[in-house]
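Peer 1: There's a structure below that I have some questions on.
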Amino acid sequence: MPFSYIRITFFFVSLCACSSNSQAPVDRPNFIVIFADDLGYGDLGVYGHPTIRTPHLDRMAAEGLRFTQFYTGASVCTPSRAALLTGRLPVRNGLTDDQIRVLFPPSKGGLPASEVTIPEALQSAGYVSAAIGKWHLGHVPGHFPTEHGFDEYFGIPYSNDMTPTASDWGRAQTYPPLPLMRGTEVIETEPDQRLLTRRYTEESISFIQRNRDRPFFLYLPHTMPHIPIFASDEFEGTSTRGLYGDVIEEIDWSVGQILDVLRDTGLDRKTLVIFTSDNGPWLTVGFAGGTAGLLRDGKGTTWEGGMRVPTIAWWPGMIPAGQTTQSLGTTMDLMPTMLELAGASRPDDRIYDGADLMPVLLDPAAEVRKGIYYYRGAQLWAARKGPWKIHYVTRSAYVGDQPVEHEPPLLFHLGRDPGERFNLAEEHPEVILELQEMVDAHLTELVRAPSQLKIPEWND
Ligand code: MG
C-alpha cells in the first residue's frame with residue numbers, strides 16, 4: 001500500500017474518532033486545478049496585497065493550506081503548462097525553444113503525443129476530464145486538449161494577445177482572429193474578452209454538475225490576468241487597484257462560485273482543489289501587470305518572482321484548515337499526487353520530476369522535495385537546495401534585458417533573504433560545492449535519458 005494511502009486512511013480514522021461530521025475514506029476523489037495566467041506572488045489579499053480584495057481565495061486558504069514556497073516548471077506559459085500536465089520538466093518534452101519560448105499562432109508543433117498527461121493517466125481509473133480556458137500546448141491537429149486525454153475542451157488555444165486586435169505587438173497584424181473553441185471546432189472568433197472569466201466559470205460549473213456522480217478532473221487555466229486584461233461590467237471599475245485589480249477580483253469571484261457548487265452538491269469533501277499560477281507577473285507592462293510582492297523580478301526570469309507563485313490547496317475534511325506551509329512544492333508534483341489518490345498508474349519508461357505532495361497537504365511540516373531546478377529554455381540557469389539558491393545565469397524583466405552569466409555563480413539564502421538581495425557566494429564556497437553536486441547529478445541523469453529529449457517541430 002502506498003505510503004500516502006496509509007497516511008490518508010490514518011487521518012480519516014483519526015477524524016472519525018473525534019468528529020460527528022466526518023465521512024468514510026474517499027474513493028477516487030475529484031480534482032480541480034485552477035491556473036491563473038501571469039498572476040504574481042503578491043497579487044492576492046491572502047498573500048499580502050493591500051488593495052486587491054480576494055475574499056473567496058482568502059476563505060479557501062482559511063479552510064485549507066497555503067504554500068509560501070511553491071513553484072512552476074517554467075517562467076512562461078507554454079513550458080509551464082507542459083510541466084503541470086506531464087509532471088516533468090519541460091526540458092524532457094522538448095517545449096524549450098531557446099528563441100521563441102512559447103507557441104505562437106504560426107507554430108506547427110505542440111506537446112508531443114509521446115507525453116502522458118494527467119487526464120490520460122486518470123482515464124485508466126475511470127475519470128472524466130475537461131480543460132476549460134487557455135491551452136497553449138498546440139493548436140493544430142494532434143495537439144488539441146481532446147487529443148491529450150481531455151474529454152471536453154472550451155477556451156482559447158493560446159494567449160489572448162496573439163490576435164490582430166492586440167495592436168501593441170508588431171507581428172500581431174499577421175495573426176488570425178483569436179479563436180474560441182469547443183472540442184476541436186472554432187465556435188467564435190475574437191470573443192468578447194470581458195466575458196471569458198465568466199464563461200469559463202459557467203462551463204466549469206456545468207461540467208461539475210454533469211459529472212457529480214463520477215470521478216472527474218477539471219483543469220481551469222484562466223486566460224486572465226495575461227495581457228490584454230479585461231473584466232466584465234460587474235467588476236470593471238470596482239477595485240482600488242484599477243483594471244488589474246478588477247480582473248483578479250473577478251477570478252476570485254469565479255473561485256467562490258466553484259467552491260460554492262462543490263459545497264452545495266456535497267462534493268467538497270471528495271474534491272481536491274488547487275489554485276495556482278503558471279508563472280510570475282509580467283512586470284514590463286505597467287499597470288496591466290501584477291506584482292511578485294517581496295520576491296525579485298517576474299515572468300520570464302529565473303529569479304524567485306518568475307517562478308514562485310501563490311498556491312492554495314483545499315479539501316475540507318482532508319486537508320487541515322487554516323494551515324500555511326514553507327515546504328517546497330511545484331506544479332509537477334500535482335500529477336503524482338493525483339494519480340496516487342486516484343489509484344491510477346503512470347508509465348514507468350520515463351523520468352518524472354514531481355513528488356506526491358499528500359504528506360505536506362496532511363502535515364505542513366512534512367517535506368517531500370529536496371530541491372528546485374530553474375530552467376530558461378533548455379538551459380539550467382539556477383537551482384535550489386533547502387534554503388540555498390545558486391544562479392549560473394540571470395536576466396531581468398521579460399522582454400528587454402540580455403542574459404548575464406555568473407562565474408563564480410551567485411548564492412542566496414532564501415530563508416533569510418527571500419528577495420535575493422545579498423549574494424553570499426564568497427562567504428559560503430562549501431554551499432556552492434554542495435549545490436553544484438546536486439546540479440551535476442541532475443544534468444548527468446538528463447543526459448542519460450536522451451530518448452526523452454525529443455524536440456517537436458515547433459515553429460514555422
Ligand atoms: Mg503565463
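The values are calculated or read from the model by the stated rules, or taken from the named source; none is laboratory data. None of the values given here were measured: they were computed from a predicted structure. We place every Cβ from the backbone using ideal geometry, glycine too, and count neighbours over all the protein chains shown. Quick note on the areas: whole protein, heavy atoms, side chains included, nothing else; ligands and nucleic acids left out. Shrake-Rupley method; radii C 1.70, N 1.55, O 1.52, S 1.80 Å.
Peer 1: Please enumerate the residues belonging to segment 340-353 that are open to solvent by 20 Å² or more (accessible area, probe 1.4 Å) and either in a strand (DSSP E or B) or closer than 24 Å to Pro29 by Cα (or both). Before you say what the answer is, go through the steps one by one.
Peer 2: First, pick out the residues of segment 340-353 that are open to solvent by 20 Å² or more (accessible area, probe 1.4 Å): 340, 343, 345-353.
Once the filter is applied, which keeps residues that are open to solvent by 20 Å² or more (accessible area, probe 1.4 Å) and either in a strand (DSSP E or B) or closer than 24 Å to Pro29 by Cα (or both), segment 340-353 yields Glu340, Gly343, Ser345, Arg346, Pro347, Asp348, Tyr352, Asp353.
Peer 1: Step by step: first the residues of segment 27-37, then only those that are part of a loop (DSSP other than H, G, I, E, B) and surrounded by fewer than 23 Cβ atoms within 10 Å (Cβ to Cβ), then the one that is nearest to the ligand (Cβ to nearest atom). Which residue is that? Before the answer, list the steps.
Peer 2: Filtering segment 27-37 for residues part of a loop (DSSP other than H, G, I, E, B) gives 27-29, 37.
Narrowing the set further to residues that are surrounded by fewer than 23 Cβ atoms within 10 Å (Cβ to Cβ) leaves 27-29.
Numbers: Asp27: 35, Arg28: 31, Pro29: 28 Å.
Per the stated criteria, the residue is Pro29.
Peer 1: Please verify whether segment 356-372 includes one or more residues that are in contact with a helix residue (DSSP H, G or I) (Cβ under 9 Å, 6 or more places away or on another chain) and in a strand (DSSP E or B).
Peer 2: Yes, some residue in segment 356-372 is in contact with a helix residue (DSSP H, G or I) (Cβ under 9 Å, 6 or more places away or on another chain) and in a strand (DSSP E or B).
Peer 1: Please work out which residue is most open to solvent (accessible area, probe 1.4 Å), limiting yourself to segment 293-322 and to residues that are part of a loop (DSSP other than H, G, I, E, B) and among the hydrophobic types (A, V, I, L, M, F, W, C).
Peer 2: First pass over segment 293-322, keeping only residues part of a loop (DSSP other than H, G, I, E, B): 293-303, 309-310, 315-322.
After this cut, where a residue has to be among the hydrophobic types (A, V, I, L, M, F, W, C) as well, the list is 294-295, 303, 309, 315, 318-319, 321.
Values: Leu294: 111, Leu295: 12, Trp303: 11, Val309: 0, Trp315: 2, Met318: 2, Ile319: 7, Ala321: 63 Å².
Here the answer is Leu294.
Peer 1: Let me ask another. Just to confirm my filter: which helices (runs of 4 or more DSSP H) fall fully inside segment 54-93 and include at least 1 residues that are within 17 Å of the chain's Cα centre (by Cα), away from the ligand (no atom under 16 Å from the Cβ) and over 19 Å from Tyr158 (Cα atoms)?
Peer 2: Passing ranges, in order: 55-62, 90-93.
Peer 1: Hey, another quick one. Can you tell me which residue in segment 254-286 is farthest from the ligand (Cβ to nearest atom), limited to those that are closer than 15 Å to Gly42 by Cβ and open to solvent by 10 Å² or more (accessible area, probe 1.4 Å)?
Peer 2: Only one residue tops the list, namely Leu283.
Peer 1: Is it the case that some residue within segment 141-158 is in contact with a strand residue (DSSP E or B) (Cβ under 8 Å, 6 or more places away or on another chain), under 18 Å from Met224 (Cα atoms), within 16 Å of the ligand (Cβ to nearest atom) and not in a loop (DSSP other than H, G, I, E, B)?
Peer 2: To start, the set of residues in segment 141-158 that are in contact with a strand residue (DSSP E or B) (Cβ under 8 Å, 6 or more places away or on another chain) comprises 144-146, 149-157.
Those still in the list that are under 18 Å from Met224 (Cα atoms) too: 153-157.
With within 16 Å of the ligand (Cβ to nearest atom) added as a condition, the list becomes 155-157.
Cutting the leftovers down to not in a loop (DSSP other than H, G, I, E, B) gives us 155.
Yes - at least one qualifying residue is present in segment 141-158.
Peer 1: Let me ask something additional. Can you name the number of the only condition in (1) surrounded by 24 or more Cβ atoms within 10 Å (Cβ to Cβ); (2) in a helix (DSSP H, G or I) that Gly40 fails?
Peer 2: (2)
Peer 1: Restricting attention to segment 111-124, and to residues there that are of a type in the set (Gly, Ala, Ser) and over 11 Å from Arg346 (Cα atoms), which single residue is surrounded by the most Cβ atoms within 10 Å (Cβ to Cβ)? Break it down stepwise before answering.
Peer 2: Narrowing segment 111-124 to residues of a type in the set (Gly, Ala, Ser): 113-114, 121, 124.
Right, trim to over 11 Å from Arg346 (Cα atoms) and you get 113-114.
Working: Ala113: 12, Ser114: 14.
Here the residue is Ser114.
Peer 1: Only one residue in Ala366, Ala355 is within 18 Å of the chain's Cα centre (by Cα), more than 16 Å from the ligand (Cβ to nearest atom) and without any contact (Cβ under 8 Å) to a residue 60 or more places away in the chain, so which one is that?
Peer 2: Result of the check over Ala366, Ala355: Ala355.
Peer 1: Is it the case that Arg101 is in contact with a Leu (Cβ under 6 Å, 6 or more places away or on another chain), within 16 Å of the ligand (Cβ to nearest atom) and of a type in the set (D, E, K, R)?
Peer 2: no
Peer 1: Then there's this: So which of Pro387, Pro403, Pro408, Pro418 ends up being within 17 Å of Gly280 (Cα to Cα) and open to solvent by 10 Å² or more (accessible area, probe 1.4 Å)? Give the steps one after another, and end with the answer.
Peer 2: Details: Pro387 fails: within 17 Å of Gly280 (Cα to Cα); Pro403 fails: within 17 Å of Gly280 (Cα to Cα); Pro408 fails: within 17 Å of Gly280 (Cα to Cα).
When all the criteria are applied, what remains is Pro418.
Peer 1: In addition: State yes or no: is Thr337 β-branched (Val, Ile, Thr), assigned to a strand (DSSP E or B) and under 16 Å from the mean Cα position of the chain (by Cα)? Lay out the reasoning, then the answer.
Peer 2: Values: β-branched (Val, Ile, Thr): yes; assigned to a strand (DSSP E or B): no; under 16 Å from the mean Cα position of the chain (by Cα): yes.
In short, no.
Peer 1: Also, quick follow-up: Test Ile251 against the stated conditions and say whether it is closer than 29 Å to Gly73 by Cα, under 22 Å from the mean Cα position of the chain (by Cα), in a helix (DSSP H, G or I) and within 16 Å of the ligand (Cβ to nearest atom). Break it down stepwise before answering.
Peer 2: Details: closer than 29 Å to Gly73 by Cα: yes; under 22 Å from the mean Cα position of the chain (by Cα): yes; in a helix (DSSP H, G or I): yes; within 16 Å of the ligand (Cβ to nearest atom): yes.
Criteria met by Ile251.
Peer 1: Scan Val404, Val360 and give me the residue that is among the hydrophobic types (A, V, I, L, M, F, W, C) and free of Cβ contacts under 8 Å to residues at least 12 places away in the same chain. Spell out how you get there, then give the answer.
Peer 2: Details: Val360 fails: free of Cβ contacts under 8 Å to residues at least 12 places away in the same chain.
Testing whether each residue is among the hydrophobic types (A, V, I, L, M, F, W, C) and free of Cβ contacts under 8 Å to residues at least 12 places away in the same chain leaves just Val404.
Peer 1: Quickly run through segment 188-229 and pick out the residues that are in a loop (DSSP other than H, G, I, E, B) and within 30 Å of Thr291 (Cα to Cα).
Peer 2: Within segment 188-229, Glu190, Pro191, Asp192, His222, Thr223, Met224, Pro225, His226, Ile227, Pro228, Ile229 qualify.
Matching residues to (1) open to solvent by 20 Å² or more (accessible area, probe 1.4 Å); (2) over 25 Å from Leu414 (Cα atoms):
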| residue | (1), (2) |
| --- | --- |
| Val46 | yes, no |
| His56 | yes, yes |
| Gly73 | no, no |
| Ala82 | no, yes |
| Arg92 | no, yes |
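Peer 1: Going by what's in this entry, would Thr331 be described as within 16 Å of the ligand (Cβ to nearest atom), touching a Leu at 6+ places or on another chain (Cβ under 6 Å) and in contact (Cβ under 8 Å) with a residue 40 or more places away in the chain?
Peer 2: Working: within 16 Å of the ligand (Cβ to nearest atom): yes; touching a Leu at 6+ places or on another chain (Cβ under 6 Å): yes; in contact (Cβ under 8 Å) with a residue 40 or more places away in the chain: yes.
Yes: the conditions hold for Thr331.
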